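Notes to accompany the following structure.
The values are calculated or read from the model by the stated rules, or taken from the named source; none is laboratory data. As the structure is a prediction and not an experimental result, all values here were calculated from the model. Because the Cβ atoms are built from the backbone with ideal geometry, glycine has one as well, and the counts that use them run over all protein chains shown.
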Amino acid sequence: MNAPSTSTSSQRPEPLGARQRRILGVLIEKARTTPDAYPLSLNGLVTGANQKSNRSPLMSLTPEQVEDELIAMRERGVVAEVHGGGRVPKYRHYGYDYLGVKGVEAAVMTELLLRGEQTVGDLRSRASRFEPIADLPTLQSILQSLNDRQLVIFLTPAGRGQMVTHNLYLPSELDQLKAKFASGTPGNPSISSRTPREETTAAPETAPSQQAGLSQVRQDSASQTDLATLRQELADIRLLVEQLSDRVSKLEN
């Protein structure tokens with residue numbers, strides 16, 4: 001078995017395909033939420049990869065597809081096959097070593113692996129089911145540290161609705177994702193590029209339309225604030241649903 005790859009401050013871990021990211025995220029998640037059922041059997045891993053809650057995008061992987069990915073991940077030292085008292089092989093992760101994270105950083109990376117891009121507010125709510133995160137400034141500090149180590153990337157500027165994701169995408173995936181958020185995204189200050197000097201030198205007859213435009217901008221800003229509040233409340237509700245789902249999974253296992 002190959003030794004697990006580890007990340008350093010100057011080099012991020014090798015990218016993983018979408019299926020491998022899902023498998024690694026599931027293994028880390030289940031090790032924390034259902035430790036009695038961990039390591040996972042192939043069937044348990046397929047179920048976790050395809051579950052409907054706390055996953056984006058939804059997948060419908062077959063045992064054969066998951067097994068093929070596990071073979072590749074074992075060769076890279078990301079996962080290992082273990083044999084206990086039973087005849088069914090099970091799988092454990094080396095995610096902490098591969099990513100070079102632990103504690104709350106591991107919680108953040110797990111949620112990003114399971115869901116991909118999301119707002120910082122949503123991420124705080126979801127990652128808190130593993131490790132408590134006091135507030136958004138605390139999470140921002142954690143994300144900045146992960147960004148410095150090339151483990152996460154910010155897709156939009158800082159502010160309400162800022163989008164963040166992990167940095168383990170394949171190059172083609174990452175290019176598409178960056179293009180998606182290149183313009184017109186939450187947190188992108190692209191409402192108006194007019195400077196105060198340009199406004200004062202505009203022709204007098206355009207002043208009424210400018211005032212109407214400023215009024216619309218203020219209304220849009222208020223609407224964005226209300227929307228951000230609703231998103232945070234929805235994230236809290238989602239967190240409760242996901243916690244209940246985890247409890248049901250424990251009872252079923």
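Looking at segment 137-178, which of its residues are within 17 Å of PRO13 (Cβ to Cβ), among the hydroxyl-bearing types (Ser, Thr, Tyr) and over 15 Å from the mean Cα position of the chain (by Cα)?
SER145, the sole residue that qualifies.
Can you pull out the residues in segment 12-44 that are surrounded by 20 or more Cβ atoms within 10 Å (Cβ to Cβ) and of a type in the set (D, E, K, R)?
ARG21, ARG22, GLU29, LYS30
Out of the residues in segment 64-77 meeting the condition of being acidic (Asp, Glu) and either part of a loop (DSSP other than H, G, I, E, B) or under 15 Å from ASN43 (Cα atoms) (or both), tell me which one is nearest to the chain's Cα centre (by Cα).
GLU69
Have a look at THR62, THR33 and point out the one that is without any contact (Cβ under 8 Å) to a residue 40 or more places away in the chain and either touching a Gly at 6+ places or on another chain (Cβ under 7 Å) or polar (S, T, N, Q) (or both).
After applying the criteria, what remains is THR62.
Being in a loop (DSSP other than H, G, I, E, B), assigned by TED's automatic domain parsing to the domain that holds VAL120 and at pLDDT below 95 narrows it down to one of ALA158, ALA134, so name that one.
Of ALA158, ALA134, the one residue that is in a loop (DSSP other than H, G, I, E, B), assigned by TED's automatic domain parsing to the domain that holds VAL120 and at pLDDT below 95 is ALA158.
Out of all the residues in segment 84-101, which are modelled with pLDDT of 95 or more, outside any strand (DSSP E or B) and surrounded by fewer than 18 Cβ atoms within 10 Å (Cβ to Cβ)?
TYR96, ASP97
Say whether the condition of being part of a helix (DSSP H, G or I), aliphatic (A, V, I, L, M), modelled with pLDDT of 50 or more and over 19 Å from the mean Cα position of the chain (by Cα) is met by at least one residue in segment 208-226. Before the answer, list the steps.
Residues of segment 208-226 that are part of a helix (DSSP H, G or I), as a first pass: 208-226.
Filter once more, so that each one left must be aliphatic (A, V, I, L, M): 212, 214, 217, 222.
Now drop any that are not modelled with pLDDT of 50 or more, which leaves 212, 214.
Filter again for over 19 Å from the mean Cα position of the chain (by Cα), leaving 212, 214.
Yes: one or more hits.
Just wondering, is there one or more residues in segment 78-94 that are over 15 Å from the mean Cα position of the chain (by Cα) and within 25 Å of ILE133 (Cα to Cα)?
Yes - at least one qualifying residue is present in segment 78-94.
Against the condition surrounded by fewer than 20 Cβ atoms within 10 Å (Cβ to Cβ) and in contact with a strand residue (DSSP E or B) (Cβ under 8 Å, 6 or more places away or on another chain), how does ARG129 come out, does it pass?
Values: surrounded by fewer than 20 Cβ atoms within 10 Å (Cβ to Cβ): yes; in contact with a strand residue (DSSP E or B) (Cβ under 8 Å, 6 or more places away or on another chain): no.
No: the conditions fail for ARG129.
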